[in-house]
Amino acid sequence: MLQRLIGVTVGALVTFGILFFWHADATQWAIAAAVGAIASFFWPIVIGFWLGRRAKERRNDAIEAEVARQVAQQTHQD
C-alpha cells in the first residue's frame, strides 16, 4: 500500500514537472503522463537497487571492522 502511494506520488511529481516546464499542450500531456507512469513503475527497482548496495556496503564495513579487531587482538597477544 505504501509502495503504491509513493509510486503514484513520484509519478505525479514527474508529470507535473514535465507539464510545468513545457507549458504543455495536448501532445505533451500524453508524453508527461507516460513518463510519469514509467517513473511510478520503476521507482521501486531503483530504490531497491540503492538499498541493496547500501546494505552490502554496511555488511562489508562490519566484516572489515571485525577482521581489524581480530588482527589487533592477535597482534596484542603475540
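Bear in mind these aren't lab numbers, they're just calculated from the coordinates by the rules spelled out. Please read these numbers as outputs of a predicted model, since none were measured by experiment. Here the Cβ positions follow ideal geometry from the backbone for every residue, glycine too, while neighbour counts run over all protein chains shown.
Between THR75 and PHE42, what's the calculated FRET efficiency when r is the beta-carbon distance and R0 is 35 Å? Round to 0.05. Can you show the working numbers first?
Values: r = 49 Å, r/R0 = 1.40.
Once the sixth-power term is evaluated, E becomes 0.10.
Dipole of the chain computed with +1 at Lys/Arg Cβ and -1 at Asp/Glu Cβ about the Cα centre; of LEU19, VAL8, GLY52, farthest Cα towards the positive end is VAL8. Radius of gyration over Kirkwood radius for the chain, both on Cα atoms: the Rg/Rh ratio is 1.44.
Per DSSP H run of n ≥ 4, the term is -39500 (n - 2.57); total these for the chain, divide by its residue number, and report the mean residue ellipticity at 222 nm rounded to 500 deg cm²/dmol. All intermediate terms of the calculation are to be shown ahead of the outcome.
Working: 2 runs with 73 residues, N = 78.
Result for the chain: -34500 deg cm²/dmol, rounded to the nearest 500.
With contacts taken as Cα pairs under 8 Å at a separation of at least 6 residues, the chain carries a relative contact order of 31 percent. Where does helix 26-77 land angle-wise versus the long Cα axis of the chain, in degrees 0 to 90, nearest 10? So the helix axis and the longest Cα principal axis differ by about 0 degrees.
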